[in-house]
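A short worksheet on the structure shown next.
The values are calculated or read from the model by the stated rules, or taken from the named source; none is laboratory data. Since we're looking at a predicted model, the values are computed, not measured. Cβ placement follows ideal geometry from the backbone for every residue including glycine, while neighbour counts extend to all protein chains displayed. Quick note on the areas: whole protein, heavy atoms, side chains included, nothing else; ligands and nucleic acids left out. Shrake-Rupley method; radii C 1.70, N 1.55, O 1.52, S 1.80 Å.
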Amino acid sequence: MGRYKFPPKVKLIIGLLGARNSEIEGARQKLRMRFGPEEEVQEPIPFVWTQYYRDELGDSPLRSFVSYENLIDREDVVDIKRWTNELEEEMSVNGKRLVNLDPGYLTLGQFFLATTKDQRQRVYVGMGIYVEPTLFYQDGAFKPFDWTYPDYRSEPYHDYFQKVRAKLVYQNKHGGNPYSRRNDGPPTGPGKGNGGGISIDAAGSSPV
């Protein structure tokens, strides 16, 4: 019989899609209040891959990504996705969203998106939420699956995820200490942070 082995904590990443930069900034403020300090931020770039969001977000929406210093358990994504759905509704005007929020999590080997919609490649994780493996990491690069959305196949996204992954590698190597605290010395006390004792795969590389 195999022994139970719990996976290490992971990096929360939230994709923001907004009609204007002001809506993205407003959402980021609320997200910081919930999830703590931001870590790696992709400043808004034009979202040009589909017109799916035109009715709500107009012809020229902007895409941004934010990761957070605090690591999460994988199963936390259920509550996070439900909460971001509520935030979308809270920020809506006349029944139309001004910002779309796409939470997911990054491991050293994959990026998963949370969703409320079922498809053959998605796994149900509870409370009406599914996760989809969206990217996998191999030979030093992020790569798409057959079903990966066109925008998540793009170079700007992959560059961003590389930066976040490097911060996760650092955090794992340093007992859960985020990269921003790299000059504070080793963590002390029980547990020594929330990522202690995790081995790094051969492809991993620290930003320092």
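Below is a table of values for the structure above.
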item	result
DSSP-loop chymotrypsin sites (Phe, Trp or Tyr not before Pro) across segment 126-180, with at most 13 other Cβ within 10 angstrom	TRP147
Calculated on alpha-carbon atoms, Rg and Dmax of segment 71-129 in Å	12.7, 41
Surface per residue (accessible, 1.4 Å probe) for the chain, Å²	54
Relative packing of 89-95, 104-110, 171-177, 54-60, which averages over residues the other C-beta atoms within 10 Å, highest first	171-177, 104-110, 54-60, 89-95
Rounded tilt (10° steps) of 155-173 against the dominant C-alpha axis of the chain	30
Computed FRET value (nearest 0.05) for SER180 with ASP139, which takes r as the C-beta separation and R₀ as 35 Å	0.75
Top of PRO44, PRO150, PRO103 by mean-square fluctuation, Gaussian network on the chain, Cα under 10 Å	PRO150
Residues LEU87 and ARG20, FRET efficiency given R0 of 25 Å [Cβ-Cβ distance, rounded to 0.05]	0.90
The chain - percent of accessible surface contributed by carbon and sulfur, probe 1.4 Å	48
Count, lysine Cα pairs under 27 Å in segment 55-198, 8 or more residues apart or across chains	14
Residue among ARG32, ARG122, ARG63 with the largest mean-square fluctuation in a Gaussian network model of the chain, springs linking Cα atoms under 10 Å	ARG32
Virtual paramagnetic centre 7 Å along Cα→Cβ of VAL123, amide N under 20 Å, in segment 77-110	77-82, 103-110
Gyration tensor (alpha-carbon) shape descriptor, segment 34-94, a/c threshold 1.5	oblate
Sum of -39500 (n - 2.57) over DSSP H runs of 4+, divided by residues of the chain (222 nm, nearest 500)	-8000 deg cm²/dmol
Mean Cα-pair separation over length for segment 1-148, i.e. relative contact order, pairs under 8 Å, 6 or more apart, %	24
Spin-label pair LYS30/GLN110, simplified geometry with 7 Å Cα→Cβ offset, distance in nm	3.0
